[in-house]
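First comes the structure, then the notes that go with it.
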Amino acid sequence: FRNMDVVFTLFFLVEMILKIVSDGLVAHKHAYLRNPWNVLDAAIVAVSLFSSFGSGESLKSLKALRALRALRPLRVIKRNPGLKIAVVCLLSSIPAMFNVIIVVIVWFSMYAMLGVQLFKGSLYRCVDLDSQLYFGAAIFPTGTLYTPTLPLSGPDAVPTIIECVTAGGGGVAVWEDQEYTFNSYPRALLTLFEMSTTEGWMDVMAASVDRVETGVTPIPNFRPWYALYSVLHIVLGAFVLLNLIVGSVINNYNRIKTENEGKGPLMTEEQQEWKEMQKLILKMKPKKRHHGPENALRQLFFRISNHRWFEYLITVVIVMNVASMALKHYNQTDCFSAALFWANVGFGAVFILEAIIKIIGLGPRWYFKDAWNVFDFTVVLLGLGTTILDVINKEYYCGPDKGESVANVPGLQILRVFRICRVFR
């Protein structure tokens, strides 16, 4: 095989030399190295020469370049117009995919924050490492979840973390987390990415359905409605959003193919332009314009709310708010929670001020006529509700006498993640 490799390398070298002699090296616009595909060919030939004929101590490090000989099949692209269009399409699709990728990142970020809110610290299991058995009941046991069930055996064994690690004087079982977890924002992102490949998503769904609460062994099918979390991500995150990236590549491929092969055989150039113009006309809609109020104070607020730097400032605040929400993780300290609380209060105050400025400047009628303004106002009200709930739970305080939370509404807390949707504006 080595001799055959040398023969092929010499053959490609002769081809390159003949082309350089006939076309020139780089002097004019049609020279050999002025063509990117020829540059690829030359690079492959150079790598093959180093790996095939290099010797001595000084060239031992270049032996690793042998792996790059796998690039030789790329030379076929230059000689096949269909493959050439496909490669150009992939490279030119990168800018077109940028906006779609932003939407995908926003969805994954929002859903990861939602997963942290719902499942942080609650997917742990009690496992006997010797027998590799997991303890948990298929039915709800008689009595409360905190009734001691030592020695962790039988169909009604639903131990807590304390019972698990102290069973039999300790050392019988351990409190073990799942391979996939939502204990922090980065781990949640990795879990969602794995789910979007449709690999292991049913395991995540089963774990979320069995979830009881933090510190309690999962019970099979304890909360069946939590399966919606995984199903919704598979439908929207995997089947819809990720396929949008593929769709943008296909759309760009059709455009490039049309440019290279010309228009349809039944339409002239003028007819094609008329068709595209009609499409643009059908998509155009009259833009509503409303003049500012006559009152001087309202006129000032109107100009502020419509100024582009005001929108830039609000966008920066939204991004900072999302970044602070991504810092939340399992087993965080009370002082860290207090810092996040005061940061959230500051962001909420900015959003309330924004709503007040826009309502005064635009007036309630024009403000609530915009669907995005209605969405913003709803998010502000929900944020105010979650802040009141945090105040009741003393999230602003991290002293030793803080105590347990007295008001906990998970459904209200997770609504904070919808603030990230305001970036779409």
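Worth pointing out:
- Residue tally, condition polar (S, T, N, Q) and not in a loop (DSSP other than H, G, I, E, B), over the stretch 316-333: 2
- Screening the stretch 194-304 for helices (runs of 4 or more DSSP H) wholly inside it with 2 or more residues that are modelled with pLDDT of 85 or more and open to solvent by less than 80 Å² (accessible area, probe 1.4 Å) returns the ranges 201-210, 227-232.
- Picking from residues in the stretch 322-346 that are within 15 Å of residue 386 (Cα to Cα) and of a type in the set (S, T, N, Q), the one that is surrounded by the fewest Cβ atoms within 10 Å (Cβ to Cβ) is 337.
- Pairs where the first residue, in the stretch 13-29, is of a type in the set (Val, Ile, Thr) and the second is at pLDDT below 85, C-beta under 6 Å, 6+ apart: 20/32; 26/33
- Any chance residue 75 is modelled with pLDDT under 75, open to solvent by less than 30 Å² (accessible area, probe 1.4 Å) and not aliphatic (A, V, I, L, M): yes
Condition check ((1) aliphatic (A, V, I, L, M); (2) open to solvent by 30 Å² or more (accessible area, probe 1.4 Å); (3) in contact (Cβ under 8 Å) with a residue 12 or more places away in the chain; (4) out of contact with any Cys (no Cβ under 7 Å at 6 or more places or on another chain)) across all residues:
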site: 94; (1), (2), (3), (4): yes, yes, no, yes
site: 98; (1), (2), (3), (4): no, yes, no, yes
site: 102; (1), (2), (3), (4): yes, yes, no, yes
site: 116; (1), (2), (3), (4): yes, no, yes, yes
site: 120; (1), (2), (3), (4): no, yes, yes, yes
site: 124; (1), (2), (3), (4): no, yes, yes, yes
site: 127; (1), (2), (3), (4): yes, no, yes, yes
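The values are calculated or read from the model by the stated rules, or taken from the named source; none is laboratory data. Here the structure is a predicted model, which is why all the values come from computation and not from measurement. Every residue, glycine as well, gets a Cβ built from its backbone with ideal geometry; the counts of neighbours run over all protein chains shown. Accessible surface is based on the protein model in full, side chains and every heavy atom, while ligands, DNA and RNA are left aside. Shrake-Rupley method; radii C 1.70, N 1.55, O 1.52, S 1.80 Å.
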